[in-house]
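Every number in this text was worked out from the coordinates using simple rules, so none of it is lab data. The shown structure was predicted, so the numbers you read here are calculated from the model rather than taken from an experiment. With ideal geometry, Cβ positions are generated from the backbone for all residues, glycine too; neighbour counts draw on all protein chains shown.
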Amino acid sequence: MIILGIHTGGHDGTAAVFDDYELLSAVQLERLTRKKGDGKGIPLPAIDEALDIAGMRRRDVDVVVTSRALFHARHYRMPPYRRFEDWINRMIGRGKMKVMESELFRRQVADASSIFRTDAFLAEYGFRPDAKLVFSNHHFAHALSALFFTDWDDALLYTADGGGDNVHYSMRHLKDGRITDLFGDDRWLLRPRRVDSLGLAYGYTTQALGYRMNRHEGKLTGLAAYGQPTLLDDLACHFKVDDNGEVHSDFESDVVMRGEIFRMADGQDPANVAASIQQLLEDVLLQSVKRFVERTGAANLALAGGVFANVRLNRLLCETTGVRETFIFPGMGDEGMAVGGALEFLLQRDGLATWLDNRRRLDSVYLGRDYSSRIDQVLGNATGVKRYNGPPGETAAALLAADKIGAIYEGRMEYGPRALGARSILASPAQRDVNQSLNDRLERTEFMPFAPYVLEEDAEAVFDVHGGNRYACRFMTITTNVKEDWRERIPAVVHVDGTARPQIIERATNPLYADILSGFRTRSGLPVLVNTSFNAHEEPIINSPEECLRALQDDRVDFIVTGQAVYGVKDLGVAAG
């Protein structure tokens with residue numbers, strides 16, 4: 001059965017294709033439109049791209065699973081209590097979009113299909129008449145995306161974000177072959193919405209410091225280490241965790257929360273504001289997660305939702321809640337809804353026992369388009385671009401050891417917010433000033449150091465890697481302490497607080513990526529390399545070969561390494577072919 005998962009929530013539009021339990025592809029709309037976080041409307045380009053990667057078209061889809069998010073007003077059934085003219089004039093307006101969760105609450109109906117013109121939706125977008133359209137629960141989809149890629153039989157599933165399906169959190173417990181809903185399931189869909197989102201509070205603080213909400217929260221996470229939580233008491237008085245572990249606030253509305261945060265931040269040192277909201281997030285969520293762990297006795301912790309893009313928080317939860325292992329789904333934001341929604345459909349179709357039996361751990365998230373057949377043609381035929389022959393991994397390693405900055409463009413595009421070796425910029429970690437020089441070239445303003453990647457056999461020697469965080473470290477979703485004797489040797493990847501956000505790799509997953517690092521280690525004695533996203537300021541990660549070529553010509557990097565060769569536009573100190 002071919003299952004297409006989509007998310008249409010206004011940001012992070014995404015499509016994912018499953019053949020039953022096999023995830024074939026996943027594509028974020030931003031990678032195609034080149035608009036960071038794009039999610040406006042139905043993500044048709046992402047749908048077609050994900051299907052094409054899987055060798056399919058829309059009419060091959062058996063089931064479309066979508067989050068209960070933004071849809072055109074024309075796709076909703078007319079409420080029985082409205083006159084037809086009123087519905088046309090007030091609701092259908094040209095291009096008007098409506099949030100389904102709000103419409104469900106307004107009508108006090110929990111069944112999304114009862115208010116939606118399913119047949120018209122499927123027909124308009126070219127799906128078969130006999131295809132099914134199914135709606136997923138926002139937070140359950142998040143939770144399942146994390147749980148499915150584990151082998152646990154006992155876990156707390158904790159989600160947190162800016163909101164979805166009328167809640168900002170959910171908690172569930174997997175134990176003895178069943179999942180128990182503790183908070184945030186569909187029972188909350190028709191209840192009055194609580195204003196208790198730490199995700200929104202963090203987003204409003206991001207805005208208050210002049211950055212963009214739902215985009216620049218990571219800047220605050222990095223900036224926090226430079227400040228003191230001087231506003232913590234003022235912020236914390238608005239939030240509490242009850243005896244059950246649920247988070248509450250005393251704000252009357254989101255507008256009031258935003259206004260109060262802007263008032264507090266006005267005139268304050270930005271680093272102190274960032275430190276304050278980071279400390280609030282850590283204090284409140286640690287208290288909440290600990291209480292749910294105590295209530296359930298859960299042995300492991302599965303995390304998803306945009307709040308868990310916060311790698312400092314993830315480390316704290318991993319190390320202080322007493323769980324054996326923590327896993328954060330690599331598409332932790334709303335891009336994860338497309339994957340999680342399809343998994344929710346499979347759970348409903350097959351039952352939990354079968355669903356659990358089909359789980360598997362992730363090796364990678366290389367789920368996008370593979371341009372290997374085109375990239376060398378585009379680079380090799382470009383005017384002014386030189387091709388450097390010889391083993392690509394060895395050549396790239398030599399250039400990196402000589403303090404050149406390169407980018408790897410190999411295999412399928414990554415899914416999720418992190419560059420993980422398919423579209424990554426690489427550099428030596430030996431000089432701290434590489435951060436500023438690279439940020440200048442990429443037109444970035446960053447407070448976080450660049451992340452390192454490390455071979456599995458070297459990980460524990462350099463970082464505090466253990467059974468609890470090793471799996472999460474494969475996807476750069478958690479920070480770890482850097483061993484004291486390595487901090488001065490690899491300063492470009494060590495934050496001011498002595499931590500890093502490593503990616504642990506195996507050669508089998510990406511041989512070229514591993515070979516470059518092995519060669520660099522042989523030449524320099526350093527077992528890590530800088531890995532940062534191959535993009536410029538405010539752009540999504542590089543996707544197409546043409547975008548890769550433009551970045552090289554614009555001097556974002558000194559060279560590009562592919563599976564076939566190394567390319568540059570200036571003298572790199574090696575012989576060109």
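Report the gain in length on full extension from ASP485 to ARG550: 0.36 nm times residue separation, minus Cα-Cα distance, nm rounded to one decimal.
19.4 nm is the gain from fully extending ASP485 to ARG550.
Let me have the 222 nm mean residue ellipticity of the chain computed from DSSP H runs of 4+ only, each contributing -39500 (n - 2.57), with the sum over all residues rounded to the nearest 500. Present the calculation step by step, with values, prior to reporting the outcome.
Values: 21 runs with 200 residues, N = 577.
Mean residue ellipticity, 222 nm, calculated: -10000 deg cm²/dmol.
So if each residue of separation counts as 0.36 nm, and I subtract the Cα-Cα distance between CYS237 and THR320, what length gain in nm does that give? Provide the component values of the computation, followed by the final result.
Working: separation 83, 0.36 × 83 = 29.88 nm, distance 2.35 nm.
In short, 27.5 nm is gained.
Could you please rank THR296, THR480, placing first whichever residue has the fewest other Cβ atoms within 10 Å of its Cβ? Write down the numbers at each step before the final one.
Numbers: THR296 19, THR480 25.
Going from least to most buried by this count: THR296, THR480.
Treating cross-link reach as a plain straight distance, find the lysines whose alpha-carbon is under 28 Å from the alpha-carbon of LYS290, omitting any fewer than eight places away in the same chain.
Within reach: LYS175, LYS219, LYS240, LYS483.
Need one number for the chain: average projected area of the convex hull over its C-alpha atoms, nm². Mind showing how you got there, number by number?
Values: hull surface 103.7 nm².
Mean orientational projected area (the chain, Cα hull): 25.9 nm².
Distance in nm between label sites at LYS35 and ASP350, each 7 Å beyond Cα in the beta-carbon direction?
Placing both labels 7 Å along Cα→Cβ, they lie 3.7 nm apart.
Could you check how many percent of all C-alpha pairs in the stretch 383-497 are farther apart than 17 Å?
Values: 4137 of 6555 pairs.
The share of Cα pairs beyond 17 Å in the stretch 383-497 comes to 63 percent.
Can you tell me the orientation of helix 392-401 relative to the chain, as the angle in degrees between its alpha-carbon axis and the longest Cα principal axis, to the nearest 10?
Tilt of helix 392-401: around 80 degrees.
In nanometres, what is the gap between the two model label sites at SER253 and ARG77, each 7 Å from Cα along Cα-to-Cβ?
Going from the SER253 label point to the ARG77 one covers 3.2 nm.
Which loop-located trypsin sites (Lys or Arg not before Pro) does the stretch 304-380 contain, where loop means any DSSP state but H, G, I, E or B and the Cβ has at most 11 other Cβ atoms within 10 Å?
Values: sites: ARG312, ARG315, ARG324, ARG349, ARG359, ARG360, ARG361, ARG369, ARG374; in loops: ARG324, ARG359, ARG360, ARG361.
When the trypsin sites (Lys or Arg not before Pro) of the stretch 304-380 are filtered for loop state and at most 11 Cβ neighbours within 10 Å, ARG361 remain.
Take the alpha carbon atoms of the stretch 30-65, find their center, do the same for the stretch 396-435, and report the distance between the two centers in whole angstrom.
28 Å
Once Rh is set to the Kirkwood radius over Cα pairs, what Stokes-Einstein translational diffusion coefficient, in µm²/s, holds for the stretch 150-328 at a temperature of 10 °C and a viscosity of 1.306 mPa s? Show your work: numbers first, answer last.
Numbers: Rh = 16.6 Å.
In µm²/s, the coefficient is 96.
Return the percentage of antiparallel bridges among DSSP beta bridges fully within the chain, rounded to the nearest 5 %.
Working: 57 of 81 bridges.
Antiparallel bridges: around 70 percent, rounded to the nearest 5.
Report the full-extension gain for the segment ASP357 to SER372: residue separation times 0.36 nm, less the Cα-Cα distance, to one decimal in nm. Before the final figure, lay out each step's value.
Details: separation 15, 0.36 × 15 = 5.40 nm, distance 3.43 nm.
Once the chain is fully extended between ASP357 and SER372, it gains 2.0 nm.
Show me the trypsin sites (Lys or Arg not before Pro) within the stretch 388-429 that DSSP assigns to loop and that have at most 11 other Cβ atoms within 10 Å of their Cβ. If you can, show how the numbers build up before the last one.
On the way: sites: LYS404, ARG412, ARG418, ARG423; in loops: LYS404, ARG418.
Loop-located and lightly packed - none at all.
Within the stretch 183-217, find all residues whose amide N lies under 13 Å from a label point positioned 7 Å from the Cα of ALA110 along Cα-to-beta-carbon.
Only 184-191 fall inside the zone, counting backbone N under 13 Å.
At most 12 other Cβ atoms within 10 Å and a DSSP loop assignment: could you name the GluC sites (Glu not before Pro) in the stretch 251-292 that fit?
Details: sites: GLU252, GLU260, GLU282; in loops: GLU252.
Answer by residue number: GLU252.
Cα centroids of the stretch 259-326 and the stretch 98-161: how far apart, whole angstrom?
27 Å
Based on a Kirkwood Rh over C-alpha pairs, give the Stokes-Einstein translational diffusion coefficient of the stretch 462-577 at 4 °C and viscosity 1.567 mPa s in µm²/s.
Details: Rh = 16.4 Å.
It diffuses with D of about 79 µm²/s by this estimate.
With everything on Cα atoms, drop me the angle between helix 138-148 and the longest principal axis of the chain, reported from 0 to 90° to the nearest 10.
Around 50 degrees separate the two axes.
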